[in-house]
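S.K.: Can you read through this structure? Questions will come right after.
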Amino acid sequence: MERLYTNRLVLRKFTEADATDVFMNWACDGRVTKFLSFEPHENIDTTKKVLANWVNEYTDKNIYNWAIVFNGKVIGRIHSSYVNRDWNFVEVGYAIGYDYWGKGIASEALLCVMDYFFHKANMNRIYAMYDAENPASGRVMQKCGMQYEGNMRQHFLRRDCTYSDGLIYGILKDEFDRNIICK
């Protein structure tokens with residue numbers, strides 16, 4: 001997994017030294033984790049355990065898990081949720097600290113990762129899914145040229161034991177290249 005750069009961001013592997021930034025910038029914030037699969041971290045020890053797992057996972061060639069670094073701080077994460085090398089597609093997911101919402105950072109990171117997956121990892125299709133009640137995540141996908149592909153009814157079981165639909169957006173390599181989104 002390569003280190004990636006944009007105008008404002010560095011996307012790199014996590015290290016265990018990132019615990020304070022991860023905890024403070026998003027892992028402890030219920031506004032950020034509301035639509036994620038985990039409860040807000042109650043203490044930094046939880047974050048340290050998660051980071052230790054992420055660091056250990058880098059030995060797997062199908063793990064792509066970048067720390068989003070902005071102004072020297074880890075403020076989010078962008079990763080592969082699922083990789084299929086036989087059919088050349090990948091699912092991506094992302095989380096950004098609340099203080100960084102609405103600044104184009106998630107879109108900038110996603111475009112960079114899309115370019116990497118299409119041109120370095122030889123993927124043909126990238127897709128992402130978001131909770132129907134989190135339209136801001138969908139706007140990031142749309143801004144990056146992804147198209148609506150469908151609705152998976154009651155796909156997510158939330159922490160409060162309610163279900164929500166998963167809206168899927170995707171993009172193909174030739175669409176990405178034709179639109180010259182990341183050039």
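The values are calculated or read from the model by the stated rules, or taken from the named source; none is laboratory data. Just so you know, these numbers come straight off a predicted model, no measurement behind them. Using ideal geometry, Cβ is built from the backbone for each residue, glycine included, and neighbour counts are taken over all protein chains shown.
S.K.: Take residue 122 and tell me if it is out of contact with any Gly (no Cβ under 7 Å at 6 or more places or on another chain), surrounded by 14 or more Cβ atoms within 10 Å (Cβ to Cβ) and on the phi > 0 side of the Ramachandran plot.
M.R.: So residue 122 fails the test.
S.K.: Within the stretch 120-134, is there a residue that is out of contact with any Ser or Thr (no Cβ under 7 Å at 6 or more places or on another chain), modelled with pLDDT under 95 and within 24 Å of residue 157 (Cβ to Cβ)?
M.R.: Yes, some residue in the stretch 120-134 is out of contact with any Ser or Thr (no Cβ under 7 Å at 6 or more places or on another chain), modelled with pLDDT under 95 and within 24 Å of residue 157 (Cβ to Cβ).
S.K.: Let me ask you something else. Does residue 29 count as out of contact with any Asp or Glu (no Cβ under 7 Å at 6 or more places or on another chain) and free of Cβ contacts under 8 Å to residues at least 12 places away in the same chain?
M.R.: Spelling it out, it is not the case that residue 29 is out of contact with any Asp or Glu (no Cβ under 7 Å at 6 or more places or on another chain) and free of Cβ contacts under 8 Å to residues at least 12 places away in the same chain.
S.K.: While we're looking at this one, here's another question. Checking the condition farther than 27 Å from residue 161 by Cβ, crowded, with 16+ Cβ neighbours inside 10 Å, free of Cβ contacts under 8 Å to residues at least 40 places away in the same chain and under 17 Å from the mean Cα position of the chain (by Cα), which residue from 9, 51 passes?
M.R.: Exactly one of 9, 51 is farther than 27 Å from residue 161 by Cβ, crowded, with 16+ Cβ neighbours inside 10 Å, free of Cβ contacts under 8 Å to residues at least 40 places away in the same chain and under 17 Å from the mean Cα position of the chain (by Cα), namely 51.
S.K.: Scan the stretch 140-154 residue by residue and report those that are basic (Lys, Arg) and exposed (fewer than 14 other Cβ atoms within 10 Å of the Cβ).
M.R.: The one that is basic (Lys, Arg) and exposed (fewer than 14 other Cβ atoms within 10 Å of the Cβ): 153.
S.K.: A further question follows. Among the residues in the stretch 58-80, are any part of a helix (DSSP H, G or I) and either out of contact with any helix residue (DSSP H, G or I) (no Cβ under 8 Å at 6 or more places or on another chain) or under 27 Å from residue 139 (Cβ atoms) (or both)?
M.R.: Step one: filter the stretch 58-80 for residues part of a helix (DSSP H, G or I), giving none.
Within the stretch 58-80, none of the residues are part of a helix (DSSP H, G or I) and either out of contact with any helix residue (DSSP H, G or I) (no Cβ under 8 Å at 6 or more places or on another chain) or under 27 Å from residue 139 (Cβ atoms) (or both).
S.K.: Separate question: Quick one: which helices (runs of 4 or more DSSP H) sit completely within the stretch 101-183 and have at least 2 residues that are touching a residue at least 60 places away in the same chain (Cβ under 8 Å)?
M.R.: Output list reads 105-119.
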